[in-house]
Every structure is written in structure tokens, then in C-alpha cells.
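> Quick one: this structure, given as C-alpha cells, is what I'll be asking you about.
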Amino acid sequence: MIIINASPRKDCNTGILLKEAMKGAESKGATVEYVNLYDLSFTGCHSCLACKRKGAAKNKCFWQDDLSPLIDRILKSESVIIGTPIYFGTPTAQFHALLERLLFCVLSYEIDGDGSYYNKQLNVGIIYTMNAPKSYYDKTMRHSLAFTENIIKMLLKGNVVTYGACNTLQVDDYSKYRMSIFNEESKKSHHDPQFPMDMQEAFKMGCELA
Ligand SMILES: Cc1cc2nc3c(=O)[nH]c(=O)nc-3n(C[C@H](O)[C@H](O)[C@H](O)COP(=O)(O)O)c2cc1C
């Protein structure tokens with residue numbers, strides 16, 4: 001299994017939950033590679049179309065940077081868990097860049113076939129973390145996030161399971177920041193019982209995908 005942190009903050013909300021997912025997967029005997037995506041130097045798809053050239057290997061991104069070897073390893077593995085904060089209503093830029101590259105190199109533009117060269121099933125877990133309350137995540141965000149989740153399902157042919165950790169703590173001490181729309185006391189009174197439950201859910205996701 002590969003676990004990918006698509007948050008620039010390695011050990012904050014997303015990273016903590018992903019480490020729980022890793023513990024869950026390891027408790028089931030899985031070998032886990034943990035990657036901090038923001039440590040890698042890469043961009044989104046350059047549309048070089050090398051992956052669509054006649055005679056070129058399929059399911060391979062040919063762009064030479066830090067991401068292509070990770071894409072090779074993802075496509076060889078059985079499952080992947082990606083964690084991302086929500087930035088302006090969507091996953092982070094690096095999350096999107098990874099998906100552009102990963103999904104485009106398995107996408108088939110050929111008339112025969114089912115639109116994907118990938119002939120295994122990759123099960124994908126996605127952990128979202130966000131300021132938004134759960135009610136907003138459930139009513140609005142899940143619907144918009146499902147668009148990308150469905151493309152992942154279609155092209156990588158496995159299950160996609162998701163978990164949203166809502167109303168996270170963005171900083172430890174709100175009094176030090178110009179963030180007066182947030183009430184630290186109410187944030188913390190939500191966080192203190194909720195975040196341990198989010199950690200349990202992440203652990204369970206790791207177990208299920210192992
Ligand atoms: C650039 C930026 C944009 C954000 N946009 C949103 C947003 O649209 N909705 C939301 O609920 N939270 C938003 N947040 C808050 C983060 O999603 C939230 O704090 C998240 O848990 C951070 O994850 P981390 O602790 O792993 O960095 C934003 C944070 C940043 C830095």
C-alpha cells in the first residue's frame with residue numbers, strides 16, 4: 001500500500017490521520033510506503049502525449065521528474081490512500097497534479113476497450129480534512145468531490161472510499177492569528193472529542209484497504 005500526504009503541512013490534521021491509516025494497514029500485515037507529496041518536485045500533466053504514442057508502454061507517465069517513479073509504484077500496488085486538505089472547495093493543487101498525471105497515463109483514447117489501459121483494480125481511499133462543518137460537507141461538498149472520485153473509479157477500476165474530517169483545528173492558538181471568524185473555544189470543544197474519532201476512522205480505512 002502507498003499512503004500519500006497531499007498536505008503541505010506534514011504533521012498536521014491530514015498527516016496525523018494518514019499515520020493512523022498507516023497503523024491500521026500495518027496492523028493487518030500490509031507493507032506501507034508513506035510519501036509526503038510536497039517533498040517531491042513535479043507539476044501536473046504537460047500534455048506531452050508520450051503516453052499516447054503508438055508503440056509506447058501503456059500505463060506509464062514518461063515525464064521525467066519526481067512524480068513518474070511514484071506513479072509507476074502506485075500502478076503496481078493494490079491500494080493507495082491519499083489525504084488532502086480542502087483548499088477553496090477542492091483538494092490541493094498537488095493532489096490534482098498527481099491525479100492528472102496518474103489518470104491521464106491510464107486513459108485510453110482508443111475506440112476499442114473501456115477507456116482505460118489499466119487492467120487491474122486499484123482500491124483508493126481518500127481522506128479530506130477541512131474547516132467546514134460536517135453538515136456542509138455532507139450536503140454540498142460530497143457531491144462536488146464525487147466528480148473526481150468517479151473518474152478515479154472508472155479509470156482505476158477499484159473501489160473508492162472516502163472520509164471527511166470536518167471542522168479541524170487550523171492552528172493551535174487562534175489568538176496569535178487574524179482569524180477572528182473562528183471561535184477557538186467552540187472549535188476546540190468540537191475538536192477534542194471529534195478528532196480522536198476521525199483518527200479511528202482513518203485507522204479503519206487503513207485496515208479495510210490493506
Ligand atoms: C489555501 C487554503 C484554503 C482553504 N480553503 C478551505 C475551504 O475552502 N474549505 C474548508 O473547509 N477549509 C479550507 N481550508 C482549511 C483547511 O482545509 C483545513 O485547515 C485543513 O484541515 C488543513 O489540513 P492540514 O492541517 O493537514 O494542513 C483552507 C486552508 C488553506 C491554507
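The values are calculated or read from the model by the stated rules, or taken from the named source; none is laboratory data. Since this is a predicted model, take the numbers as computed values, not measurements. Here the Cβ is made from the backbone with ideal geometry for all residues, glycine too, and neighbour counts use every protein chain on show. When the accessible area is computed, the model is the full protein with side chains, heavy atoms only, and any ligands, DNA or RNA have been set aside. Shrake-Rupley method; radii C 1.70, N 1.55, O 1.52, S 1.80 Å.
> What net charge is computed for the residues neighbouring Leu70, neighbours being all others with C-beta under 13 Å from the C-beta of Leu70, Lys and Arg scored +1, Asp and Glu -1?
On the way: positive: Lys60, Arg73, Lys76, Arg101; negative: Glu33, Asp39, Asp65, Asp66, Asp72.
Neighbourhood net charge equals -1.
> On to the next question. Less than 18 Å from a label point 7 Å out along the Cα-to-Cβ axis of Lys58: which backbone N atoms in the stretch 84-117 qualify, by residue?
Label zone hits: 102-117.
> Given labels modelled 7 Å from the Cα in the Cβ direction, how far is it in nm from Gln121 to Tyr38?
Modelled inter-label distance: 3.5 nm.
> Something else: Return the single residue from Asn159, Asn13, Asn119 with maximal mean-square fluctuation; model: Gaussian network over the chain, springs between Cα atoms under 10 Å.
Among Asn159, Asn13, Asn119, the largest mean-square fluctuation in the Gaussian network model of the chain belongs to Asn119.
> Connecting C-alpha atoms closer than 10 Å in a GNM of the chain, tell me which of Thr90, Thr140, Thr168 has the biggest fluctuation.
Maximum fluctuation in the GNM of the chain, among the listed residues, is at Thr140.
> For Ile181, Ile3, what's the largest-to-smallest order of accessible area, 1.4 Å probe? Numbers along the way, then the final one.
Working: Ile181 150, Ile3 0 Å².
Output order, biggest surface exposure first: Ile181, Ile3.
> Can you spot the lysines whose alpha carbon is less than 17 Å from Lys153's alpha carbon? Ignore those fewer than 8 places along the same chain.
Filter leaves Lys76, Lys120.
> Before I look further, what does the chain give for accessible area per residue, probe 1.4 Å, in whole square angstrom?
On the way: 11220 Å² over 210 residues.
On a per-residue basis, 53 Å².
> Then there is this: What does the helix-only formula give at 222 nm for the chain: each DSSP H stretch with n ≥ 4 adding -39500 (n - 2.57), the total divided by the residues, and the result rounded to the nearest 500 deg cm²/dmol? Could you put the intermediate results ahead of the total?
Numbers: 5 runs with 78 residues, N = 210.
So the calculated ellipticity at 222 nm is -12500 deg cm²/dmol.
> In the stretch 89-133, what chymotrypsin sites (Phe, Trp or Tyr not before Pro) fall in a loop by DSSP, with at most 10 other Cβ atoms inside 10 Å? Kindly include the intermediate steps, with their values, before the conclusion.
Values: sites: Phe95, Phe104, Tyr109, Tyr117, Tyr118, Tyr128; in loops: Tyr109, Tyr117, Tyr118.
Qualifying residues, ordered by number: Tyr109.
> Not counting the cut sites, what is the longest span of the chain without GluC sites (Glu not before Pro) that DSSP labels loop and that have at most 16 other Cβ atoms within 10 Å? Mind showing how you got there, number by number?
On the way: sites that count: Glu78, Glu110.
That would be 111-210.
> Which whole-number percent is the relative contact order of the stretch 53-153 (Cα, under 8 Å, 6+ apart)?
Details: 80 pairs, mean separation 32.9, N = 101.
Taking the mean separation of contacting Cα pairs over the length of the stretch 53-153, I get 33 percent.
> Using +1 at the C-beta of Lys and Arg and -1 at the C-beta of Asp and Glu, which of Leu17, Ala165, Cys48 has the Cα lying farthest in the positive direction of the dipole of the chain?
Projecting each Cα onto the dipole axis, the largest value belongs to Cys48.
> Return the Rg/Rh value of the stretch 1-86, two decimal places, where both radii are evaluated on C-alpha atoms and Rh is the Kirkwood radius. Kindly include the intermediate steps, with their values, before the conclusion.
Numbers: Rg = 14.7 Å, Rh = 14.2 Å.
Radius of gyration relative to Kirkwood radius: 1.03.
> Choose one of Asn150, Phe104, Ser79: the residue whose Cα lies farthest towards the positive end of the charge dipole of the chain (beta-carbon charges +1 Lys, Arg; -1 Asp, Glu; about the Cα centre).
Phe104
> Tell me, what % of the accessible area of the stretch 3-66 is carbon and sulfur with a 1.4 angstrom probe?
With neighbouring chains kept in place, the figure for the stretch 3-66 is 50 percent.
> Taking the Cα centre as origin and putting +1 on Lys and Arg beta-carbons and -1 on Asp and Glu beta-carbons, what dipole magnitude results for the chain, to the nearest 20 debye?
440 debye
> Looking only at Cβ-Cβ distances, which cysteines of the chain have no other cysteine closer than 4.7 Å?
Those would be Cys12, Cys45, Cys48, Cys166, Cys207, since no other cysteine Cβ in the chain comes under 4.7 Å of theirs.
> Name the residue, out of Ser144, Ser41, Ser180, whose mean-square fluctuation peaks in a Gaussian network model built on the chain with Cα pairs under 10 Å.
Ser180
> For the stretch 139-210, which trypsin sites (Lys or Arg not before Pro) pass both filters: DSSP loop (anything but H, G, I, E, B) and at most 13 other C-beta atoms within 10 Å?
Details: sites: Lys139, Arg142, Lys153, Lys157, Lys176, Arg178, Lys187, Lys188, Lys204; in loops: Arg178.
Filter output for the stretch 139-210: Arg178.
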